[in-house]
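The values are calculated or read from the model by the stated rules, or taken from the named source; none is laboratory data. Every value quoted in this text rests on a predicted model; they were computed, and no experiment measured them. Using ideal geometry, Cβ is built from the backbone for each residue, glycine included, and neighbour counts are taken over all protein chains shown.
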Amino acid sequence: MTTITVEVPSVLASTLDGQRSLQVPLPEDRTVGSILDALGERYPLFARRVRDERGAVRRYVNIFVGPDNIRRLQGLDSTVSEGQDVLIMQSVAGG
Amino acid sequence: MNQARCGVALFAMDNDQRTIMAIGTKKGLWLAESTDRETWTLNGPHFLNLEVPSVAIDTREGRTRILAGVNDWHWGPTVVYSDDAGATWSEPEQGAIKFPADTDTALARIWHLRPDTAERPGVVWAGCEPISVFKSTDSGENFELNRGLWDHPHRSEWGAGFGGAAVHSIAPNAADENVIHAAMSTGGVYRSTDGGTSWEPRNHGIKADFFPEPFPEFGQCVHHITADAEDADRLYAQNHGGVYRTDDAGDQWNSIADGLPADFGFVFLSHPRTGGTVWTIPLKAAEERNPVGGRLSVYHSTNAGDTWSEQHAGLPDADWNAVLRDAAAVDEHPETVGVYFGTRGGEVFASNDEGAHFVTVAQRLPDVLSVRAAQVNGAGQ
């Protein structure tokens, strides 16, 4: 089974049993959406932090596949290749 | 399953002589405690840097539950609660308030949290953005969308006030659980007489001077409504421009602004036991939105707004900060009711004698968005 690495900021670690880096199976369709769906089933609070109840990625949350923000790719349909990491970060926002 | 988000050593609530105040701000929540409501101890921040536009203190069911609507600009809005005076906080993993999938809508902000009467334990109301009412029957741990208002045919014509489009005031009728009033900006006052199944606009007499027709059926920018303590059909409304009272559950509103230095404002408070006793905090017109002449005062009436008297003892002569709608509260102290409010300048004031004099509880906090206070019920930790 192929796995990939998902990394999250420290503020989300408490929603993932304290983990900031997780090895997760690469789903059959290889999409970011499916990766988040699988994580969300196990960690519902994590899911709610990253996506709203429509399933959309929250406005000030950025998800990168390798160096690329999925908003510049195919959004949640963006695919992840073996060896690539998924990085979740909060955007620069606030005042 | 609940998850504690933070733990902070706090107050020892081991008797019922203590009053606790929750202060939600633009960047965190503070708690204050007092045994005489004159000298206060401030603790916080909780949820540092997160917006807390709504708080409630529910003293029913033999405990003191603090509820907070917390808005994390990155990670979304949520409702948290504490049953131990803020030592620990919990939130349902699935989220207390969320829109059903078929609405294709996401919760943006929790504007108002309102425990119902003592006779309806467990019932808590929430007014939210986008314009919606949610109801909990388990003391705020899970809420359900009110479909009657969500599916209302007027929805497409409701607008957004400067702060967003939300239900910001909910007034359940103390005598009849089927009667509920809710107010929104902008849309005005709506009333349900069937427990929330259907809603009708009830704005006759409330001016909307930003429309060509100043007395529309709906569309008013009502800033806050509250119910009278004794007369179930009497409610009060602080409007965008105008202060009103209805004596027939909203069928007709009449101005009670005479005697006030301005008819703009956000706050309206009603005594928890004495009918006709109310408070408001006037602000100078929509274009300025600060205390008239910089003199921060509360205005008090004991005859349902027919006449008003200024309460200024202990308040600044020069303060140019507004007081927002949920940033003011009364407690239910059995002897003399306390009056509380905070300003956008981060000052918080408390009165233990129904507004006759105020003391400063906090200064230089972030903008105060929500304030509630209650005498502690039941032992805490």
Quiz item: Would you say residue B:123 is closer than 29 Å to residue B:339 by Cβ and within 14 Å of another protein chain (Cβ to nearest Cβ)?
Solution: no
Quiz item: Among the residues of segment B:67-119, how many are of a type in the set (D, E, K, R), surrounded by fewer than 18 Cβ atoms within 10 Å (Cβ to Cβ), farther than 19 Å from residue B:166 by Cα and within 14 Å of another protein chain (Cβ to nearest Cβ)?
Solution: 2
Exercise. Looking only at segment B:266-281, decide whether some residue is on the phi > 0 side of the Ramachandran plot and either out of contact with any strand residue (DSSP E or B) (no Cβ under 6 Å at 6 or more places or on another chain) or at pLDDT below 95 (or both).
Key: yes
Quiz item: If residue B:259 satisfies every condition in (1) crowded, with 19+ Cβ neighbours inside 10 Å; (2) of a type in the set (Gly, Ala, Ser); (3) closer than 27 Å to residue B:331 by Cβ but one, which is the exception?
Solution: (1)
Exercise. Restricting attention to segment B:151-194, report how many residues are among the aromatic types (Phe, Trp, Tyr) and either touching a residue at least 24 places away in the same chain (Cβ under 8 Å) or in contact with a helix residue (DSSP H, G or I) (Cβ under 6 Å, 6 or more places away or on another chain) (or both).
Key: 2
Self-check item: Complete set of residues in segment B:188-218 that are modelled with pLDDT of 95 or more, of a type in the set (Gly, Ala, Ser) and under 22 Å from residue B:163 (Cα atoms)
Solution: B:188
Quiz item: In this structure, does residue B:209 turn out to be closer than 17 Å to residue B:262 by Cα and outside any strand (DSSP E or B)?
Solution: yes
Quiz item: Would you pick out the residues in segment B:44-66 that are part of a strand (DSSP E or B) and away from chain A (no Cβ under 12 Å)?
Solution: B:44, B:45, B:46, B:52, B:53, B:54, B:55, B:56, B:57, B:58, B:65, B:66
